[in-house]
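Novice: Let me begin by handing over the structure; questions about it come next.
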Amino acid sequence: MNARRLPHPSPAARAAATPDGGTLDPDRLFPVETRTRAIARDLFSRVADLPIISPHGHVDPRLLVDDAPFPDPARLLVTHDHYVTRLLHAGGVEMSSLRLGPALAEPREVWRALANNWHLFAGTASGYWLAHELATLFGVTGELSAESADTSFDRITAQLGEPRLRPRALFAAFGIDVLATTDDPLDDLTHHQALAQDPSFTGRVIPTFRPDAYITPATPGFRERVERLMDLEGAAPDDFDAYLRALEARRAHFIAHGAVSADHGVLEPRAEDLRPDEASTLFRAAMTGKLSPEGERSFAAHMLLQMARMSVDDGLVMTIHPGVHRNHSSETLRRWGPDTGHDIPVATSYTQNLRPLLEKYGLAPEFHLILFGIDESAMSREIAPLAGFYPSVYIGAPWWFLDAPDAILRFRASVTETAGFYRGSGFVDDTRAFLSIPARHDGARRLDSAFLARLVCEGRISLPAAERIAVDLVDAIPRKAFKL
Amino acid sequence: MNARRLPHPSPAARAAATPDGGTLDPDRLFPVETRTRAIARDLFSRVADLPIISPHGHVDPRLLVDDAPFPDPARLLVTHDHYVTRLLHAGGVEMSSLRLGPALAEPREVWRALANNWHLFAGTASGYWLAHELATLFGVTGELSAESADTSFDRITAQLGEPRLRPRALFAAFGIDVLATTDDPLDDLTHHQALAQDPSFTGRVIPTFRPDAYITPATPGFRERVERLMDLEGAAPDDFDAYLRALEARRAHFIAHGAVSADHGVLEPRAEDLRPDEASTLFRAAMTGKLSPEGERSFAAHMLLQMARMSVDDGLVMTIHPGVHRNHSSETLRRWGPDTGHDIPVATSYTQNLRPLLEKYGLAPEFHLILFGIDESAMSREIAPLAGFYPSVYIGAPWWFLDAPDAILRFRASVTETAGFYRGSGFVDDTRAFLSIPARHDGARRLDSAFLARLVCEGRISLPAAERIAVDLVDAIPRKAFKL
Amino acid sequence: MNARRLPHPSPAARAAATPDGGTLDPDRLFPVETRTRAIARDLFSRVADLPIISPHGHVDPRLLVDDAPFPDPARLLVTHDHYVTRLLHAGGVEMSSLRLGPALAEPREVWRALANNWHLFAGTASGYWLAHELATLFGVTGELSAESADTSFDRITAQLGEPRLRPRALFAAFGIDVLATTDDPLDDLTHHQALAQDPSFTGRVIPTFRPDAYITPATPGFRERVERLMDLEGAAPDDFDAYLRALEARRAHFIAHGAVSADHGVLEPRAEDLRPDEASTLFRAAMTGKLSPEGERSFAAHMLLQMARMSVDDGLVMTIHPGVHRNHSSETLRRWGPDTGHDIPVATSYTQNLRPLLEKYGLAPEFHLILFGIDESAMSREIAPLAGFYPSVYIGAPWWFLDAPDAILRFRASVTETAGFYRGSGFVDDTRAFLSIPARHDGARRLDSAFLARLVCEGRISLPAAERIAVDLVDAIPRKAFKL
């Protein structure tokens, strides 16, 4: 399994994006011990420049359609990144000081809030990525501070007009081979179409079908959304079979635009196998607002099973991102909207919750079910054992709060001894911060190299095996898991 | 944020307490790898002699009021320390052999039980602390054993009369800046007052309001305690509003005596927002012994919310130590009382349990809620994400069974990548073993130095940042979290 | 506590079993850092050749009674080892290609399936053990591959007839002192008797009483099994007291044949203390097929308590292996039977579930209760604290998916700081793969040496203490826990 060496950015293109990255430690994230570090360095050198496969994330495709210069450092690196704003908020910065607009803040003020509170980010993954982005893209090195806030703001601002910092130039410079976005089922996907048909853009940007709000009756606006769905597909709004067909039609629309996966962000990864008449009754109750909380839970669990069934039928890889209580702070949701830093994980169980789904489809040929997790206790206990038996189950990369150096090493140590390297999804950045993509993949590659180097030094795998695995982890493995 | 360098013990005072500590490894708890160890040693040297802030613990203030010599090695180091007696008990020593008194044991016999079973403590935190205390305070080095039990007993006994080993001399020699005790709400706090008014004692010893037994109807003696509370504050025993006012009055009494925090040791960290009439009805039922187990659970959960409300009003930092099943062995409780080593942790969830409290007060200015935990799986999953968003939430230091070298490093690795260093409480020793305070803080400082040194060597933080953080962790950070 | 140096295999016997093991790293599993590695190597050298105590496992005693040559490499190393087949299945190999027989596969085909998919095992415990077995027993070194599959198959096959590879010769060469099997309560234990009475076999092979299927009404076939039990012991099939006496009689039968422990593989480690009439009513309902799922759960929980009572009475060590959802895939169970790789763990709680049992028997003299676990989050939270107080409770070795290098080190780091080394069971291989026994014990000894070496280098235990503990871990500690 050698990496398909895709056309990827020339050293010149990369250099263009790296005016002065000299202060990043070239051995960062490697183990400290000399011999292990040397092996990690060698392994990393084999994958550092391989193309980036990003099969799940939240970048807006319009960014690449418009290809406009980024407007200012605040919008570019702070305002839209809830990883960053949540920690500033925790540190005492009002959300109003992090948002731009009349009666809100100016970009420079937002930037100052970041710089003044830079100490909050020491040791965090977000701080690590920001430092990487500032150094490699803007030559801003060292720590931000109140004293230097204006200088760094001005220095970044001055560069934002440069062609090398336009989204498409960065896409090329980053060496992105595939970038998947996450999209509403009713999205017409014109942006994806525009990119696909644009001869001046050679990147591959594909949509991902994310139907949560259309299959979870407890979500505010569920009925209206389903009505629009039924309307679009010309179906009666209370017909469960038509509802299923409408969802299938939207999946087909996504597949026609290049989608390879459907993503499911459920609170609990629970599936329930209802009889058609039971499901139909719950659906009608949901559409008339008469469904009990228990019925809502059952219907959502049944729809997870239906989504698996559709994946078996149409081939979309099914990914589940469970276990997050979204919008924990109602006041913050009301004032500032969703995705503003207060989604908080909960304990998550897969073994018994997913059993009805795996009983029906776990052995189905070509079915791929990637289980992400944010509850570390389930990694060695449930996710690795499931992926170590069911050919359909793949282990999702460490996600969200776990996409961080120590957590990634804990993840590898937790799942590998049971399920090896080849039952995983490969790294997934899951980011809406476009500029953080290289920092995240660079980090993951370094950490996988570090992990493999340790196994070599402990006599657990051979160096040639480690070299093959390092490459497969960024190429063959994600391509297989995501059917790319 | 430089450490306020408080007047602290002179080298002479420290030396007085360390007649012969030579056999403790000066590099203990540091990473083994040479370069990391050198950095850890440097970081530690900056904090080793800074004053000790102990914002939560269980030392009896009478110890310092009386300032009497410790009577014997058994009472000093074994009998009252349930960390020590539990492991001896597990190893087969009868509890009766560890208690002093007629028909029980002599101090020398207790000491022999410890020495004979010293192997049980190898690799434990308790063993580590004991070794530290024996070496630094009494010059007793090496391992205890059956053969040398009497020698070490006599050697310690001979020193107990020395002035340097009186509680106040040790308080000074340990470099304690603040010591918080934990007290019953009806405590008149005369001991604290005596210490505050004694011109010959310059230490700061402050009480902590711990109302568990007065707000948890399932606790034996709840009604009698609440009646005493109501009586003390002159209120009718079945009036819920008067009950709340009485609790507020006791908190005010504590604040007047220097308290900065209120502590809550609940089985589950669950809050419930009841209407006043609902709460009042439950209260009356509790006071007439007619409350169902479900009602008891609701009332306790509502009182946790009320405690948060009072903290918002009066400024006491709210600390929660949840997730321990107290007094697991009824027979042991009956024969030997509480706090005898059989409190056993359970799985703990915060995200959904605490939501009602955080919905009401999570964004309140100046509210501080420190979440301790003893279920490691909740650290990266819930505690760090909560503290990474809510300005009110602070991450409690690793507690009880987790106050141990590897557990402390796991804790740092689990929470830092999400919430950084500045959303924590700083180290808390939580001890009733006065002599173990320096060992515990010394250990925590070494381990934080070790953790920071690793991040430096992995290129994740700069050395100057690590130096600042090391100092802040023992000074600015606990002072801020506990409003000291 | 020095190891009783039992007569164990001469270097010649060992060499006979190791024609060419030269490519295994002699420092495998040791820490990488030089000084720690040197200490680990020294510690390991003290235990590497000590006899193997295997107090819990699943080797079939007929293997040693028959002492026949192993038939082929597939049966020897693949077909019967669900650790191996599960990962091949996950990697896409049909179960039918891993089973021998008409319309199924030939041994050579099974071997090819393993060799073709060798990359799946990189970094896994199973791969590590296989490599150890291939190198030490057959001189097959390096990685298996499609190209070399036939060569290795032939090379192994050619050796299988050699006397050194007969089961009894291997038993001696492995240096096994005690081997416990796991047996059905109705087993007449004639194989154990045959071995005990055979003057030409000097090994100690003892049965283990495993009554799950006779005390868990939800198990298919429960009634028929209990009827056979009652029949065998001449009791009326609906008499609960007679049922208890029948179980006691079978335990006595096992004890008479050398058994030292009774093993319990429950989904949840839950005990319930029912009144005799309640238990009796549930039993009669179970025997007439009228027990509700709730009743089944209560009865099973009560029987766990009864088993503890019997252990207190007859002295059999009680071991609990909880928290595994057996036979997760019904289709796989139907087609290929149990123990085929789809037993998947679930979250497990001990503190409250086991309390009724510990309330009754936790302080009983000579009662030994070994708690295994497969949910890592419960290790520091519940298992270590329980074993750190109750003299009856011992910490089971890392089990099943956790019998792997990193998991073993996590286990040690999780439980030692609370409960030390002497509250554990010693290593347990729990294997049905006879040939993997040395690899597993060798690995466990290396990892314990590695862990101890780290504590020495961190100044937490002395080198002499580490040396004693290393030996005790493979000798005094398992002998004490399992009453050997």
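Novice: Near the axis that takes chain A to chain B, which A residue has its beta carbon closest, and at how many Å?
Specialist: A:S377, 2
Novice: For helix C:34-47, report the angle its Cα long axis makes with the longest principal axis of the Cα atoms of chain C; keep it between 0 and 90° and round to the nearest 10°.
Specialist: On a 0 to 90 degree scale, this one is about 60.
Novice: In addition: Give a residue-ordered list of calculated ³J(HN,Hα) values for the stretch A:346-361 (Karplus: 6.51 cos²θ - 1.76 cosθ + 1.60, θ = phi - 60°; whole Hz; x for Gly, Pro).
Specialist: With coefficients 6.51, -1.76 and 1.60, one gets 9, 4, 9, 10, 10, 3, 8, 4, 8, 4, x, 5, 6, 4, 7, 10 Hz.
Novice: Also, I was wondering about something else. Could you tell me the distance between the Cα centroids of the stretch A:337-399 and the stretch C:49-127, to the nearest Å?
Specialist: Centre-to-centre distance over Cα atoms comes out at 28 Å.
Novice: Given points 7 Å out from each Cα along the Cα-Cβ axis, report the B:S292 to B:T141 separation in nanometres with one decimal.
Specialist: With each label placed 7 Å out from Cα toward Cβ, I get 6.5 nm.
Novice: Per residue of the stretch B:126-143, in order, report the coupling 6.51 cos²θ - 1.76 cosθ + 1.60 (Karplus, θ = phi - 60°) as ³J(HN,Hα) in whole Hz, putting x for Gly and Pro.
Specialist: 4, x, 4, 5, 4, 4, 4, 5, 4, 6, 6, 9, 10, x, 8, 10, x, 8
Novice: Would you please give the residues with an amide H less than 5 Å from that of A:I176, counting only those at least 5 places away or on a separate chain, with H modeled from the backbone geometry?
Specialist: So A:I176 has HN proximity to A:I52.
Novice: Once amide H atoms are built 1.01 Å from N in the peptide plane, which residues 5 or more positions from B:R204, or in another chain, come under 5 Å H to H?
Specialist: Here the answer is B:L179, since their amide H atoms fall under 5 Å of that of B:R204.
Novice: If packing is taken as the average count of other Cβ atoms within 10 Å, what order do C:327-333, B:254-260 fall into, highest mean first?
Specialist: B:254-260, C:327-333
Novice: If the label point is 7 Å along Cα→Cβ of C:L232, which residues in the stretch C:187-217 have backbone nitrogen under 19 Å from it?
Specialist: C:187-196, C:206-217
Novice: While we're here: What net charge is computed for the residues neighbouring C:L305, neighbours being all others with C-beta under 9 Å from the C-beta of C:L305, Lys and Arg scored +1, Asp and Glu -1? Display every interim value, and only then the final one.
Specialist: On the way: positive: C:R309, C:K360; negative: C:E272, C:D273.
Charge balance near C:L305 sits at 0.
Novice: Please arrange B:Y422, A:Y390 by how many other C-beta atoms lie within 10 Å of their C-beta, fewest to most.
Specialist: B:Y422, A:Y390
Novice: Right, another one. In the protein assembly as shown, what is the count of Lys pairs whose alpha carbons are under 27 Å apart, counting only pairs at least 8 residues apart or on separate chains?
Specialist: Details: A:K360/A:K480; A:K360/A:K483; B:K360/B:K480; B:K360/B:K483; C:K360/C:K480; C:K360/C:K483.
Taking the Cα cut-off of 27 Å, the pair count is 6.
Novice: Pull up all non-local amide H partners of A:G424: gap of 5 or more, or a different chain, and H-to-H distance under 5 Å with H placed in the peptide plane.
Specialist: HN-HN under 5 Å from A:G424: A:I395.
Novice: Give me the extension gain from B:N327 to B:H80: residue separation times 0.36 nm, minus the current Cα-Cα distance, reported in nm with one decimal.
Specialist: Residue separation times 0.36 nm, minus the Cα-Cα distance, leaves 87.3 nm.
Novice: Starting from a label point 7 Å past Cα on the Cβ side, list the distances from C:T281 to the same position in the other copies, nm, shortest first.
Specialist: 3.2, 3.2
Novice: Follow-up question, since we're still on this one. Taking a label point 7 Å from Cα toward Cβ, how far is B:G221 from its twins in the other copies, in nm, shortest first?
Specialist: Its label point is 5.6, 5.6 nm from the equivalent points in the other copies.
Novice: Run the label-point distances for B:P102 please: 7 Å along Cα to Cβ, every other copy, nanometres, shortest first.
Specialist: Values, ascending and in nm: 8.8, 8.8.
Novice: With each pseudo-label sitting 7 Å past Cα toward Cβ, what's the C:R334-C:D314 distance in nm, one decimal?
Specialist: Using points 7 Å along Cα→Cβ, the separation is 3.8 nm.
Novice: Another question, if that's okay. So for the protein assembly as shown: antiparallel DSSP bridges make up what percent, rounded to the nearest 5?
Specialist: Once the DSSP bridges in the protein assembly as shown are tallied, antiparallel ones form about 10 percent.
Novice: To test your reading of the geometry: what angle, between 0 and 90 degrees and rounded to tens, separates the Cα axis of helix C:107-116 from the longest principal axis of chain C?
Specialist: For helix C:107-116, the angle is close to 70 degrees.
Novice: Give me the percent relative contact order of the stretch A:267-379, please, defined on Cα pairs under 8 angstrom at least 6 residues apart.
Specialist: Details: 139 pairs, mean separation 40.5, N = 113.
Once divided by the residue count of the stretch A:267-379, the mean separation gives 36 percent.
Novice: Length gain on complete extension for the stretch A:A158 to A:E359, per 0.36 nm per residue less the alpha carbon to alpha carbon distance?
Specialist: Between A:A158 and A:E359, full extension yields an extra 66.6 nm.
Novice: Considering Cα pairs under 8 angstrom that are at least six residues apart, work out the relative contact order of chain B and quote it in whole percent.
Specialist: Across chain B, relative contact order equals 21 percent.
Novice: On to the next question. Quick check on the exposure proxy: order A:T351, A:T85 from fewest to most C-beta atoms within 10 angstrom.
Specialist: Least to most surrounded, the residues fall as A:T351, A:T85.
Novice: Starting at the first residue of the stretch B:472-478, write each ³J(HN,Hα) from the Karplus equation 6.51 cos²θ - 1.76 cosθ + 1.60 with θ = phi - 60°, in whole Hz, x for Gly and Pro.
Specialist: Values, residue by residue: 4, 4, 10, 9, 4, 5, x Hz.
Novice: Test of understanding: ordering B:W111, B:W400 by Cβ neighbours within 10 Å, fewest first, what list do you get?
Specialist: B:W400, B:W111
Novice: Between C:T23 and B:D150, what is the label-to-label distance in nm when each label sits 7 Å out along the Cα-to-Cβ direction?
Specialist: 6.3 nm
Novice: What relative contact order, as a whole-number percentage, does the stretch B:75-205 give when Cα pairs under 8 Å and 6 or more residues apart are counted?
Specialist: Value for the stretch B:75-205: 16 percent.
Quick note: the coordinates plus some simple rules give every number you see, no bench work behind them. Computed from a prediction, not measured in an experiment: that's the story for all the values here. We place every Cβ from the backbone using ideal geometry, glycine too, and count neighbours over all the protein chains shown.
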